[in-house]
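> This is the structure I have questions about; it appears just below.
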Amino acid sequence: MKLQDLDVIITAPPAPGWGGRYWILVKLTTDTGITGWGECYAATIGPEAMRHVIEDVFNRHMQGQSPENIEWMFRRVYSSGFTQRPDLTVMGAFSGLEIACWDILGKDRDRPVHALMGGRMNDRLRAYTYLYPQDGHDIDAFWNDPDLAAESAAAMVAKGYTAVKFDPAGPYTMRGGHMPAQSDIAQSVAFCRAIRDAVGERADLLFGTHGQFTPAGAIRLGQALEPYQPLWFEEPTPPDMIEDMARVAAQVRIPVATGERLTTKTEFAAVLRAGAAEILQPALGRAGGLWETKKIAAIAEVFGAQMAPHLYAGPVEWAANIQLAASIPNLLMIETIETPFHSDLIKNTITVEDGFVIPSDAPGLGIDVDEDLARAHPFTGDDLHLNMQDAPCNYAEGNTFVGGAPPSKD
């Protein structure tokens, strides 16, 4: 059995874009006619440029190979161009292709992927969700209204979720870390207070940031949030200076979580060695795929760290997250995104039941991709999956966060 054909499908979820503006799906077919699906979570270049990267990686390093040779193909890609270092774009391409290889192997052997990666460790996977606007909420007002966030949190807890995530702490700018505005600290405290009052002890609070603060700014913010006992403080400083995040971890009594923007065991091991985080959040469509992330989980075990696979993408990456999560002992929880389009794209083959996902025993990734639906919603824009704003933090008039993936104003 050899890898023969590749198809790349770039599909756009309906506005407001929960999960990003587009999802890069890859479909591999073997010379025996077995198909496998993967998803690339890479946002540093536009989707059409990324299509060419994926095709190059496949044609150069994978076509004609056995899908079993995961380690060999990883080393070829990781070393390509005389590099042997983490590369977000190239590893993003390989990650989706690697996930598709595992889907093929599971289907060929009539076994779920987790059964091929050490077997099932977890029968129920604790799930968490972002707080999204509920029916009747003003979608623009929602992101800056603690009371609406509290209503959403109560609704999610009523559905069975035991953890909810939110990120009210101000702008993500291309300028790197900044000192938070006092209004952003006050807003963050107000969100934590309102949500804690709404859910009591029934759910953990997951405080999201996206690397927007200096170490000193992150410490100020984190210490202000400590009375509300968040389970984690997500990526408080930019991912390019691990030592900065370690300074925050040492001075804030909230566990630091990170990993959405990291790739391969090399970067995650550096985080653990520095004491920069206790919770790792790899995005499987970027981190190197299932096998590489299984290695990351094993390294994390040695450091007493837990895994919480990240999801701001489509349901194919979600399916890969579930297969990994079912097979590792140090799972904390997995991220979920429940939208009709996510469900329809995989024909409702993944469900969240009372805040938990039950791993399927179906072959491969355990999903049935609606290829016609994916092709019927092509991405026709030229924007990126997510953006950071050019303007700096506004210390005079305050800052407004908009969730989802709104159109670029440029």
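> Please determine whether any residue of segment 152-168 is of a type outside the set (D, E), more than 19 Å from P309 (Cβ to Cβ), touching a His at 6+ places or on another chain (Cβ under 6 Å) and in a helix (DSSP H, G or I).
Checked segment 152-168: no residue is of a type outside the set (D, E), more than 19 Å from P309 (Cβ to Cβ), touching a His at 6+ places or on another chain (Cβ under 6 Å) and in a helix (DSSP H, G or I).
> What pairs come out if I take residues in segment 332-343 that are within 17 Å of A155 (Cβ to Cβ) and pair them with residues that are among the polar types (S, T, N, Q) and surrounded by fewer than 23 Cβ atoms within 10 Å (Cβ to Cβ) whose C-beta lies under 9 Å away, six or more apart or interchain?
Between residues of segment 332-343 that are within 17 Å of A155 (Cβ to Cβ) and residues that are among the polar types (S, T, N, Q) and surrounded by fewer than 23 Cβ atoms within 10 Å (Cβ to Cβ), the close pairs are T336/T129; I337/T129; E338/T129; E338/T351.
> So, one more: What's the total number of residues in segment 359-410 that are β-branched (V, I, T) and either under 21 Å from V26 (Cβ atoms) or free of Cβ contacts under 8 Å to residues at least 24 places away in the same chain (or both)?
3
> So which of G119, G136, G106 is in a helix (DSSP H, G or I) and either within 30 Å of V164 (Cβ to Cβ) or at pLDDT 95 or above (or both)?
None of the others qualify; the one that does is G106.
> Let me ask something else about it. Here's a check for you: in segment 201-229, which residue that is in contact with a Leu (Cβ under 8 Å, 6 or more places away or on another chain) and open to solvent by less than 10 Å² (accessible area, probe 1.4 Å) is modelled with the lowest pLDDT? Break it down stepwise before answering.
First, pick out the residues of segment 201-229 that are in contact with a Leu (Cβ under 8 Å, 6 or more places away or on another chain): 204-207, 209, 213, 228-229.
Those left that are additionally open to solvent by less than 10 Å² (accessible area, probe 1.4 Å): 205-207, 209, 213.
Working: L205: 98, L206: 98, F207: 98, T209: 93, F213: 97.
Filtering segment 201-229 for residues that are in contact with a Leu (Cβ under 8 Å, 6 or more places away or on another chain) and open to solvent by less than 10 Å² (accessible area, probe 1.4 Å), the one modelled with the lowest pLDDT comes out as T209.
> Sticking with this structure for a sec: Among the residues of segment 196-212, write down those that are within 25 Å of Q389 (Cβ to Cβ) and among the aliphatic types (A, V, I, L, M).
If the condition is that a residue be within 25 Å of Q389 (Cβ to Cβ) and among the aliphatic types (A, V, I, L, M), then L206 is the only one that fits.
The values are calculated or read from the model by the stated rules, or taken from the named source; none is laboratory data. In this text the structure is predicted, and so the values were computed from the model without any measurement. When we count neighbours, we look across all protein chains shown, and the Cβ atoms used for this are built from the backbone with ideal geometry, even at glycine. Keep in mind that these areas ignore ligands, DNA and RNA; they rest on the heavy atoms of the full protein, side chains included. Shrake-Rupley method; radii C 1.70, N 1.55, O 1.52, S 1.80 Å.
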